[in-house]
Amino acid sequence: MRLPVFVVDAFTGEAFRGNPAAVCLLENELDDKVRQKIAREMNHSETAFIQKLHPTDSFTQSSRFGLRWFTPAAEVPFCGHATLASSAVLFYKIKNVNPTLTFLTLTGEFKARRAEDGIIMDLPLCPTLPQDVKEVQDLIKSAVGNVVIQDVRYCPDTKYLFVRIDDSYGRAFLENLEVNTRNMTEIENTGKVMGFMLTVKGEGSRKIQGYDFYSRFFGPWLGVAEDPVTGSAHAILSSYWSQQLGKKEMRAFQCSCRGGGMTILMRDDGRVDITGQTAFVLEGNLTI
């Protein structure tokens, strides 16, 4: 069996930046064990599998598809950058004729539509709850040492913990911070936490090339030490920072070593529009 496969850098217009995702097109059902082996072989933070919902569907003509995401270690219920990459494959490589695509996922329907400055993803907004710092202080201390913490929140939908560091630190500090991920899975082994985020307030969009907030994301529980640019994290962070800043339109940047940015529009229906660019770096076939 030969499967078309693409590697797409998401949340960037420049190759070898942003977050790479592998995207496979499935004409027929594929066993989950094989999907996991492919994801392990591709060795990106996520490999996406786009599947036709009916045998008579067409990747070019149809507007609704199944979409699942696998890390090298496990399937995940929510992935933004691989959704962006999947949309780019259908729009730009397969030449899908529809202005909007709908993906059926483990977290409900995701939509993607074309825009002049990239692709706009219509994603569910994930609220957070205040987190008792005492319950996670060992994890935070091991990860970032004596950094001053301004807020700690938890998202039960995704099992992500996020830590806001003090506003005085800024982007450069977050970019250069050495985060210890080696002991995270040992310190937090209850299954409650599957992702660890750091975030800091930005300069605001009034500054040229300024951003409203910055972040980094770590997921060793999912087999991903640090994820370069994380769409699912921004479905959480956007809700928090919108309330903190009193803004519905924001610009965000995830300052990993690859780095990537996006624009965010908070909607009134409990969802968020996240716009990102993409760059293609590989196209071929998998033989299995």
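Overview of values
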item: Restricting the stretch 52-106 to residues that are within 28 Å of Glu226 (Cβ to Cβ) and among the β-branched types (Val, Ile, Thr), the residue that is surrounded by the fewest Cβ atoms within 10 Å (Cβ to Cβ); result: Thr105
item: Where Trp241 falls short, out of the listed (1) crowded, with 22+ Cβ neighbours inside 10 Å; (2) closer than 20 Å to Ala22 by Cβ; (3) more than 13 Å from the chain's Cα centre (by Cα); result: (2)
item: Residue selected from the stretch 135-150 under the condition without any contact (Cβ under 8 Å) to a residue 40 or more places away in the chain and touching a Phe, Trp or Tyr at 6+ places or on another chain (Cβ under 8 Å), by the criterion surrounded by the fewest Cβ atoms within 10 Å (Cβ to Cβ); result: Val148
item: Condition met for Glu116 (among the charged types (D, E, K, R) and within 28 Å of Val224 (Cα to Cα)); result: no
item: Within the stretch 187-222, tally of residues that are at pLDDT below 95 and of a type in the set (D, E, K, R); result: 3
item: Selection within the stretch 58-86 - of a type in the set (S, T, N, Q) and touching a residue at least 40 places away in the same chain (Cβ under 8 Å); result: Thr71, Thr83, Ser86
item: Residue list for the stretch 26-48, restricted to those being touching a Ser or Thr at 6+ places or on another chain (Cβ under 9 Å) and crowded, with 18+ Cβ neighbours inside 10 Å; result: Arg35, Ile38, Ala39, His44, Ser45, Glu46, Thr47, Ala48
item: Flag for Gln131 being without any contact (Cβ under 8 Å) to a residue 12 or more places away in the chain and surrounded by fewer than 21 Cβ atoms within 10 Å (Cβ to Cβ); result: no
item: Residue identified as among the hydrophobic types (A, V, I, L, M, F, W, C) and outside the structural domain of Arg153 (by TED's automatic domain parsing) among Leu198, Leu282, Leu222; result: Leu282
item: Criterion (over 23 Å from Val148 (Cα atoms), touching a strand residue (DSSP E or B) at 6+ places or on another chain (Cβ under 7 Å) and either crowded, with 16+ Cβ neighbours inside 10 Å or not aliphatic (A, V, I, L, M) (or both)) met by exactly one of Val229, Val200; result: Val229
item: Candidates Ile264, Ile236, Ile274 - the one that is touching a Leu at 6+ places or on another chain (Cβ under 7 Å) and either crowded, with 20+ Cβ neighbours inside 10 Å or hydrophobic (A, V, I, L, M, F, W, C) (or both); result: Ile274
item: Residue check for Met250: surrounded by 20 or more Cβ atoms within 10 Å (Cβ to Cβ), within 17 Å of Leu161 (Cα to Cα) and over 14 Å from the mean Cα position of the chain (by Cα); result: no
item: Residue in the stretch 156-165 that is without any contact (Cβ under 8 Å) to a residue 60 or more places away in the chain, over 28 Å from Asn176 (Cβ atoms) and surrounded by 18 or more Cβ atoms within 10 Å (Cβ to Cβ) present; result: no
item: Matching residues in the stretch 117-150 - criterion: being touching a helix residue (DSSP H, G or I) at 6+ places or on another chain (Cβ under 8 Å) and polar (S, T, N, Q); result: Thr128, Ser142
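The values are calculated or read from the model by the stated rules, or taken from the named source; none is laboratory data. In this text, all values refer to a predicted model and were calculated from it rather than measured experimentally. All Cβ positions, even for glycine, are placed from backbone atoms using ideal geometry, and neighbour counts span all protein chains on display.
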